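One structure is given below, encoded as structure tokens.
Read-outs: derived from the displayed coordinates by stated rules, not from any lab. All values derive from a computational prediction rather than experimental measurement. Glycine gets a Cβ as well: all are built from the backbone with ideal geometry, and neighbour counts include every protein chain shown.
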């Protein structure tokens, strides 16, 4: 990266830290023995489960809300607010019986209507995950129609009344699906499917989820204090149906912490757990506190298909072939991350049997490193465009690691290609997603996606034309056709084969450029047990953490 760009990026990062970030943890007012202290690199945007789609906000929401299903101590999806459920013979109707002891922290019972209200509200507030209620994920009856109406600004109460979710009585929730959906039970643990108390949310109006006063909990903890971009404080929710499994009286989340500062605070016993960056892995990787786990995140490059130069297949292909994924994982990240060999990462399986990545014929076929072939593709693309060179912008997050070293690495790699000029610009994650990408104001974006549920469609649906997360505006009739067949196919083997075909179409188009699968690395005090990590859904569950003694 050029020197002036490095300086500008550093100044921007420093300004952000001074203005809103937390550079260090303050001594907690709570007893350390009964308080869990988490250093979060990212910030929490909102606590409204019907609206948000951001990972750090999910961690916070997950602390204080529970869905129909939940993670147990081993990370297995089990009954949550639902004490039991039944599935019809055709697999298209789920009937959930709710726990009698499921309550909000104000004492109100959690009812079936709380789910109906929250799910419909996701459309009304144009939540960032409303598409998941349709044929891109949950396949709920009427979901596709509600998604289309929301997309077109034509949503009505009548359309929402057609959504296949119904409160049979206060403790019985019925959900009807358009097709058999093998991951539906797992999906019910995801935040956008959490319940919300209709009376409370209505009284709060637009303030709901914006501070501790305008929030209710039905989960392990309840939010008591929130200093934006600094600290969130939670206390144990005694009304939680699973309260006997919650050992900590308090939970403190330090927000927007610089990872190096977080590591220093960990060393001085002011944090119990924090995520660290690749740059300091070597310092800690041989200690008892070092923790490595699968985050499930695929780091890939979003390409703006409205850009004339990126519409050229050979330009896209050349950019991909020039990336040495083994090198960036082994010599730059050094945290256990592995090269991406497709758009669907490892670990996602079909009914716990066949793993998608190991079965796909496209594995590794479109993510090879060949600098000579890359230059040949670029030369061919430039000739097709009638140009001597192309200049492309690359945007990345300044507030999430390892995006900075990742972008710097890519600029260095692509500088070896004759005829390609890369201009790197750093910004915040929120600006990148909700301003730059959402409005098409980018050429190439360093981005990532974590699996919301354990099925390949959690990635593949992102590239369907019209999907809200398809910021690059990829539009392939062949791909859309295959994905439509996937959404309707009830023979699970045939469905699996169609997903494999769809990914190969996507990869052959070089619409996106998969780069690596990120490993999580952090520091966990040796006195702490019971932290649950997962590679899909909400990656961190703190409900069951315990301490054997005060840290060190």
(request) Indicate the gyration tensor shape class of the stretch 443-552 (rounded, prolate or oblate), computed on the Cα atoms with a ≥ b ≥ c the square roots of the eigenvalues: a/c under 1.5 is rounded; otherwise a/b larger than b/c is prolate and the rest oblate. (result) prolate
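So what's the back-of-envelope 222 nm ellipticity for the chain, counting only DSSP H runs of four-plus at -39500 (n - 2.57) apiece and dividing by all residues, rounded to 500?
Values: 16 runs with 152 residues, N = 552.
Result for the chain: -8000 deg cm²/dmol, rounded to the nearest 500.
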(request) May I ask you to compute the full-extension gain from residue 439 to residue 361, defined as 0.36 nm times their residue separation minus their alpha-carbon distance, rounded to one decimal in nm? (result) 24.6 nm
(request) Take every DSSP beta bridge with both residues inside the stretch 298-519 and express the antiparallel ones as a percent of the total, to the nearest 5. (result) 60 percent
(request) Using label points projected 7 Å from each Cα along Cα→Cβ, tell me how many nm separate residue 224 and residue 100, to one decimal. (result) 3.1 nm
(request) Just grab the label-to-label distance for residue 379 and residue 327, each label 7 Å out from Cα along the Cβ direction, in nm (one decimal). (result) 2.0 nm
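At 0.36 nm per residue, minus the direct Cα-Cα distance, what do residue 125 and residue 283 gain on full extension? Give it in nm, one decimal, please.
Values: separation 158, 0.36 × 158 = 56.88 nm, distance 4.52 nm.
Fully extending the segment from residue 125 to residue 283 adds 52.4 nm.
May I ask you to work out the translational diffusion coefficient for the chain at 4 °C, viscosity 1.567 mPa s, via Stokes-Einstein with Rh from the Kirkwood sum over Cα pairs, reported in whole µm²/s?
Numbers: Rh = 24.3 Å.
In µm²/s, the coefficient is 53.
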(request) Give the shape of the stretch 55-206 as rounded, prolate or oblate, defined through the alpha-carbon gyration tensor: a ≥ b ≥ c are the square roots of its eigenvalues, a/c under 1.5 means rounded, and otherwise the shape is prolate if a/b is larger than b/c and oblate if not. (result) rounded
(message) Could you work out the relative contact order of the stretch 298-519? I mean the mean sequence separation of Cα pairs under 8 Å and 6+ apart, divided by the number of residues, in percent.
(response) 34 percent
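What share of the DSSP beta bridges in the chain is antiparallel, in percent to the nearest 5?
On the way: 57 of 75 bridges.
Once the DSSP bridges in the chain are tallied, antiparallel ones form about 75 percent.
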(message) I'd like to compare 121-130, 399-408: which one has the highest average count of other Cβ atoms within 10 Å, and what's the full order after that?
(response) 399-408, 121-130
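By the gyration tensor of its Cα atoms, with a ≥ b ≥ c the square roots of the eigenvalues, what is the shape of the stretch 327-440: rounded for a/c under 1.5, prolate for a/b over b/c, or oblate? Intermediate values should be presented prior to the final figure.
Details: a/c = 1.77, a/b = 1.25, b/c = 1.42.
Cα axes put the stretch 327-440 in the oblate bin.
Once the Cβ-Cβ distance between residue 88 and residue 169 is put in as r, and R0 is 25 Å, what FRET efficiency do you end up with, to the nearest 0.05?
Numbers: r = 19 Å, r/R0 = 0.74.
It comes to 0.85.
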(request) Return a whole-number percent for the relative contact order of the chain, with Cα pairs under 8 Å and 6 or more residues apart as the contact set. (result) 20 percent
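Order these peptides, 448-461, 168-181, by their mean beta-carbon neighbour count within 10 angstrom, highest first.
Values: 448-461: 23.5, 168-181: 17.7.
In descending order of packing, they fall as 448-461, 168-181.
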(message) For the stretch 396-427 and the stretch 271-322, what is the centre-to-centre distance using only Cα atoms, to the nearest Å?
(response) 12 Å
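Taking the Cβ-Cβ separation of residue 481 and residue 308 as r and a Förster radius of 41 Å, what is the calculated FRET efficiency to the nearest 0.05? Intermediate values should be presented prior to the final figure.
Working: r = 26 Å, r/R0 = 0.64.
Efficiency for this residue pair is about 0.95.
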(request) Determine the relative contact order of the stretch 55-206: mean sequence separation of Cα pairs under 8 Å and six or more apart, normalised by residue count, in whole percent. (result) 30 percent
(message) Quick check: residue separation of residue 493 and residue 34 times 0.36 nm, minus the Cα distance between them. What number comes out in nm?
(response) 160.3 nm
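Sorted by packing (mean other beta-carbon atoms within 10 Å per residue), highest first, where do 312-325, 356-369 land? Provide the component values of the computation, followed by the final result.
On the way: 312-325: 22.5, 356-369: 17.1.
Listed from highest to lowest mean packing, they are 312-325, 356-369.
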